[in-house]
Amino acid sequence: MSRAFSSLVMALCLVVFSAQSQAAELVDRVVAVVNGQLITLFELNEKLEKLLSQAQGISISPNDPEYVELQRRVLDSMINDILIKQAAEKLGITVSETEIVTKINELKKQNGMNEEQFRKQLAQEGLTRKEFEKGLETEAIKHQLLGFMVNKRILVTDEELQQYYDQMGGNIPDPKANLTRRTPGTIGFIMVGSMAEAESLRQKIASGQMSFADAARKHSIGPGREQGGELGGDVVVEDLAPPLRAALQETPAGQVTKPISLEGKAVLLIRKDKGDVAAAAAEPAPATTSSQSFQQARAQIYEMLFRAKFEKLFQEYMNDLRSKAVVDVRL
């Protein structure tokens, strides 16, 4: 399941939404029309509130540029969801409840989980079972759409599998660590309580006393801590809040940014040298890994690399779909 929304919220620093501040706003006005289908401000704020209820750390005002940018990006994702559903309906694509239940049972079996453990893991990832089922449905529809509309075969070569395995040193992320199977990212993120603490960590990382990933796991209070500060493969520099984006653009790849003050917290970022999945995976492996032989890890690596390629190809399809749609944004 793609977690584009969650990754986007992480990239914008996991701010906390205040529903009360929106009380005076007209929540029933139309903010977008997608091929004749309406999106209201109430629906947008409801989605935004849900996303940010999973957040922690800092607050944001609706008047802040970061808030406006986040609101627009969430609306953009809602528009894409509608386009996906409309395309699926036109092609007669459906996913049955039986298919979803079967997929969930397979996931539980693969991860050695019973229903209680499964729900507990979902809760840790900020999801209900219903939300997870909806994500699986969307994922299945996306695969079918790509099969209908894109005459390209996603190929993961043996060479790519071996390269990923070698760069990870055999330490492959534990599939039980995240049911949503986040793909490796190219942006590292650390949030701490003060600028002084951030500067101290930056110097230790720069001098080689500790890796960025170790510093994130030990000290970060922000997103991706258990993944060594990794924000996920679907987060790019352009997704970040303006001050974070500017800091990354000013800093050479592979080097840690200067501490960035953000709503009483301090943030460090790093952009890895290469944008491909294999280079992202070269970051020191998080604690939730296990040393496996290449043959043992082969299927798991294939899934990760296939997913990264699939998302890239599907984004190309979405760009084409968007270019042909009649979308009127009124936010």
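Let's see how each residue does on (1) modelled with pLDDT under 85; (2) loosely packed, with under 14 Cβ neighbours inside 10 Å; (3) touching a helix residue (DSSP H, G or I) at 6+ places or on another chain (Cβ under 6 Å); (4) assigned to a helix (DSSP H, G or I):
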residue: Ile104; (1), (2), (3), (4): no, no, no, yes
residue: Phe118; (1), (2), (3), (4): no, no, yes, yes
residue: Ala140; (1), (2), (3), (4): no, no, no, yes
residue: Glu159; (1), (2), (3), (4): no, yes, no, yes
residue: Arg181; (1), (2), (3), (4): yes, no, no, no
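Residue-by-condition table, conditions (1) closer than 30 Å to Gln71 by Cβ; (2) at pLDDT 75 or above:
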position	(1), (2)
Gln255	no, yes
Val267	yes, yes
Lys274	no, no
Ala278	no, no
Glu303	no, yes
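Would you mind telling me which numbered condition in (1) farther than 18 Å from Ile154 by Cα; (2) under 18 Å from the mean Cα position of the chain (by Cα); (3) modelled with pLDDT of 85 or more Asp320 fails?
Failed condition: (2).
Cβ contacts < 8 Å: first residue closer than 21 Å to Glu303 by Cβ and among the charged types (D, E, K, R), restricted to region 92-113; second residue part of a loop (DSSP other than H, G, I, E, B) and modelled with pLDDT of 90 or more, any location; separation 6+ or different chain. Result?
Lys108/Asn114
Would you confirm whether or not region 75-89 contains a residue that is assigned to a helix (DSSP H, G or I), modelled with pLDDT of 85 or more and surrounded by fewer than 13 Cβ atoms within 10 Å (Cβ to Cβ)? Let's see the steps before the verdict.
Step one: list which residues in region 75-89 are assigned to a helix (DSSP H, G or I), which gives 75-89.
With modelled with pLDDT of 85 or more added as a condition, the list becomes 75-89.
Subsequent filtering for residues that are surrounded by fewer than 13 Cβ atoms within 10 Å (Cβ to Cβ) retains 89.
Yes.
The values are calculated or read from the model by the stated rules, or taken from the named source; none is laboratory data. For clarity, every value in this text was computed on a predicted model and none was experimentally measured. Positions of Cβ are generated from backbone atoms using ideal geometry, with glycine treated the same way; all protein chains shown enter the neighbour counts.
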